[in-house]
Amino acid sequence: RILDAHMREGVTVRDPVSTHIEASVEIGRDTIILPGTFLRGSTRIGSDCVIGPSADLLDTRVGDGARVEHSVGRGAEVGEGASVGPYAFLRPGTVLGPEAKVGAYCEVKNTRVGRGSKVPHLSYVGDAEIGEGANLGAGTITANYDGVNKSKTTIGDGAFTGINTNLIAPVTIGEDSYTGAGSVVSKDVPPGKLAVGWPARAIKESPQSRRKRMREDEEKGQPRTERED
């Protein structure tokens, strides 16, 4: 009866036999629920979403146009047009901004991911604040727990972490900064800098900072210049 009621309101349930939706769940029109999906508790799904296959959402909010595939959500928020999965775990306190992405085999806990930012694959991000347009390379880890206390990691707008970067909280990765592959970051990285090594140290202007500066110079009619800091 619950599934029939949703379908009468414009929701597509591809395989009712394998789909479980509790009476407390709300779903917007034109959303598609794929096989093997469980929607429970105070879960709220917007319109034009694709949920599943094999999604398990409890007390989770999903904005219009978002997709959640082969993933688990517990007390999380997924923004409009955001993408989750496959095989992601959104733990309580996770908030994904519009057009954000959490990809394959990622776990995110008590973290805000800004508009358009990406945590594409094989990462653990906990107790963090990620700005807009940032990209975390595969295997980026926030080391947020020292055995006694949990600390925060802050990642600025447009920041980029290389693969297998370890961020030892508390630490701040500045706007438009960049970390090299395999870096262990235990000190703040200034905005617009490239940090490499163990422990990571800032050595020069980051690639994205340089590109942004050159675009701004062109817009001002100034000659393009390279600068190594």
Using the Karplus curve 6.51 cos²θ - 1.76 cosθ + 1.60 with θ = phi - 60°, work out ³J(HN,Hα) for each residue of the stretch 192-206 in order, rounded to whole Hz, and write x for Gly and Pro. x, 10, 9, 10, 9, x, 9, x, 5, 9, 6, 10, 6, 5, 6
Roughly how tilted is helix 207-219, in degrees to the nearest 10 and between 0 and 90, from the longest Cα axis of the chain? 80
Just to be sure I understand, if you calculate Cα extents along the principal axes in Å for this structure, which of (1) 77, 36, 33; (2) 66, 50, 20; (3) 79, 50, 35 do you get? (2)
For the stretch 65-212, what is the relative contact order in percent, using Cα pairs closer than 8 Å and at least 6 residues apart in sequence? 12
Dimensionless Rg over Rh [the stretch 136-228; C-alpha; Kirkwood]: 1.07
Sorted by chain and number, the residues with a modelled amide H under 5 Å from that of Ile45, at a separation of 5 or more or across chains, are Glu26, Ile27, Gly28, Val62
Rounded to the nearest 500, the 222 nm mean residue ellipticity computed for the chain from DSSP H runs (n ≥ 4, each -39500 (n - 2.57)) alone is -2500 deg cm²/dmol
Please give the FRET efficiency for Ser24 paired with Asp64, using the beta carbon to beta carbon distance and R0 = 22 Å, rounded to the nearest 0.05. 0.65
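Read-outs: derived from the displayed coordinates by stated rules, not from any lab. Nothing here was measured: the structure is a model prediction, and the numbers come from that model. Backbone-built Cβ (ideal geometry, glycine too); neighbour counts: all protein chains shown.
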